[in-house]
Amino acid sequence: MKSISFNLLNESHGARLGKITTPRGVIDTPAFMPVGTAGTVKAMYIDQVKSCGSQIILGNTYHLMLRPGVERIKQAGGLHNFMNCPMPILTDSGGFQVMSLSKISKVSEDGVEFSSHIDGKKFFLTPEESIQVQLDLNSDIVMVFDECPKYSSEKNLIKKSMDLSLRWAERCKKKFGKQESKWLFGITQGGIFPDLRKECLKKLIDIGFDGYALGGLAVGENQSEMFDAVDAVKDIVPKDKPHYLMGVGMPQDILGAVKRGIDMFDCVLPTRSGRTGLAFTWNGKINIRNAKYAKDEDPLDKSIDCPASNLYSKNYLNHLVNSNEILGSMLLTWHNIAFYQDLMKKIRSAIKENKFDAFYKKHFELFNEAN
C-alpha cells in the first residue's frame with residue numbers, strides 16, 4: 001500500500017478541496033507550488049518559503065541534470081537533503097525546458113538530443129532516463145517525459161506530438177515501476193484542441209497514473225483557449241486523483257482553473273516578477289519602480305501576514321529596486337509568494353464553506369481588470 005494518498009474533502013461550484021498526504025508532509029489543495037528550478041526558490045530561504053504557507057515546491061530535471069549534475073545531488077542523499085528542504089518536492093520531467101531552452105533539439109522516437117543552453121554540451125534524454133534522474137533526485141511526485149510543442153493551430157502537428165508523448169508515457173510508467181512513497185503523474189497534451197485533449201486523457205487513464213496534469217498550456221494561447229482545454233477534460237479526469245495545471249499562472253487564471261476542478265499549480269511568475277520590481281496584491285499588480293511610489297509610506301499589503309508585505313514602505317522598496325539592491329528582489333519575491341499562498345488559503349476556505357462561487361465572482365474580474 002502506498003504511503004502517499006489524496007482525499008477529496010469537498011466540492012463547491014466546480015472547485016475541489018482536497019488533501020495530499022505524503023511521508024514528508026501534508027499538502028492542502030488547491031495548492032500553489034513555488035518553483036525551485038535549480039535547487040533554490042530564487043531570492044528566498046526555504047524557511048521563508050515554508051513560513052508563507054507553501055507545502056510543496058517544484059524542481060526541474062533539465063536544469064538540475066545540467067548543473068550541478070544528478071550524481072552530485074544523489075551523493076548528497078537527494079534533492080531534499082541537498083537544498084535543505086523538508087517539504088515534498090515535485091519534479092518536472094524536463095520536457096518543456098528541452099524544447100524551449102536548449103540551443104538545438106532533435107526529437108526522435110527514442111527521445112530528444114539537445115545542446116545545453118549553458119555551454120552547448122550535447123545530451124540525449126529518453127523517457128526512461130528522465131524517470132531515472134527524478135528517482136535519483138528522490139522527488140515525491142515524478143512527471144512523465146513528454147514533448148511540449150509550441151502554440152500552434154496546426155492540428156496534425158499537435159496530434160503527432162501528442163501520440164509521441166503517449167508512447168513515451170507508457171515507457172515512463174514501465175520505468176517508474178512500483179514505488180510506495182512516490183507518485184507518477186501523466187501529462188495530457190493536445191494543444192488548444194478539445195477533442196485531442198479528451199483523446200489524450202482517456203489513453204493516459206488506460207495506462208494508469210497517480211495524478212493527471214495538463215501540459216502544453218501557458219505557451220501563447222489566450223485565457224479562453226486555456227479554459228476551453230481544461231473544460232474539455234474536467235468531466236472525465238478521475239475524481240479520486242489530483243488534477244494539475246502546469247505553468248499557470250496569473251491570479252485570475254488560477255481562480256478560473258480552480259472553478260474547473262484543478263488542484264495543483266506552479267509558475268515562475270511570483271518569483272520572476274519579484275526580481276523585476278513587480279508585486280501582486282489584493283488590489284492588483286504594483287510596479288514598484290514607478291516614481292509615484294517614492295513618496296508612498298504604505299506597505300505593499302497590510303492584510304497579508306508577512307514581514308515583506310506589511311513592514312516595509314513602498315517608498316523604501318522603490319529605492320531598493322531602482323538602486324538594484326539585492327534586498328529589493330528578496331523582499332518583493334517573499335511578498336509575492338506570501339500573496340499567492342494567501343490567495344490559495346482563501347480559495348480553500350471558500351470551498352470549505354461552500355462559498356467559492358461568490359469568492360470567484362468578487363475577485364476574478366477584479367484581477368482580470370487590474371492585471
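No lab work stands behind these numbers, since they all come straight from the coordinates. A quick note: this is a predicted structure, and the numbers were derived from the prediction, not measured. Here the Cβ is made from the backbone with ideal geometry for all residues, glycine too, and neighbour counts use every protein chain on show.
For every residue, the table says whether it meets (1) touching a residue at least 60 places away in the same chain (Cβ under 8 Å); (2) of a type in the set (Ser, Thr, Tyr).
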{"residue": "306", "(1), (2)": "yes, no"}
{"residue": "312", "(1), (2)": "no, yes"}
{"residue": "321", "(1), (2)": "no, no"}
{"residue": "332", "(1), (2)": "no, no"}
{"residue": "344", "(1), (2)": "yes, no"}
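Select from the range 273-304 the residues that are in contact (Cβ under 8 Å) with a residue 40 or more places away in the chain and on the phi < 0 side of the Ramachandran plot and list them in ascending order. Result: 273, 274, 275, 278, 279, 280, 281, 282, 283, 285, 288. Restricted to the range 318-334, and to residues there that are surrounded by 19 or more Cβ atoms within 10 Å (Cβ to Cβ) and within 17 Å of residue 296 (Cα to Cα), the residue that is nearest to the chain's Cα centre (by Cα) is 332.
Going through (1) outside any loop (DSSP other than H, G, I, E, B); (2) within 26 Å of residue 363 (Cα to Cα) one by one, residue 319 falls short only on (2). Of all residues in the range 29-46, one or more are in contact (Cβ under 8 Å) with a residue 24 or more places away in the chain, closer than 30 Å to residue 273 by Cα and part of a helix (DSSP H, G or I).
Taken over the range 265-285, the criterion of being surrounded by fewer than 22 Cβ atoms within 10 Å (Cβ to Cβ), of a type in the set (A, V, I, L, M, F, W, C) and closer than 15 Å to residue 317 by Cβ is satisfied by 278 alone. With the requirement that a residue be touching a residue at least 24 places away in the same chain (Cβ under 8 Å) and either touching a Cys at 6+ places or on another chain (Cβ under 9 Å) or not in a loop (DSSP other than H, G, I, E, B) (or both), what does the range 1-23 give you? Correct list: 6, 8, 9, 10, 11, 12, 15, 16, 17, 18, 20, 22. When 146, 136 are screened for being in contact (Cβ under 8 Å) with a residue 24 or more places away in the chain and within 19 Å of the chain's Cα centre (by Cα), only 146 passes.
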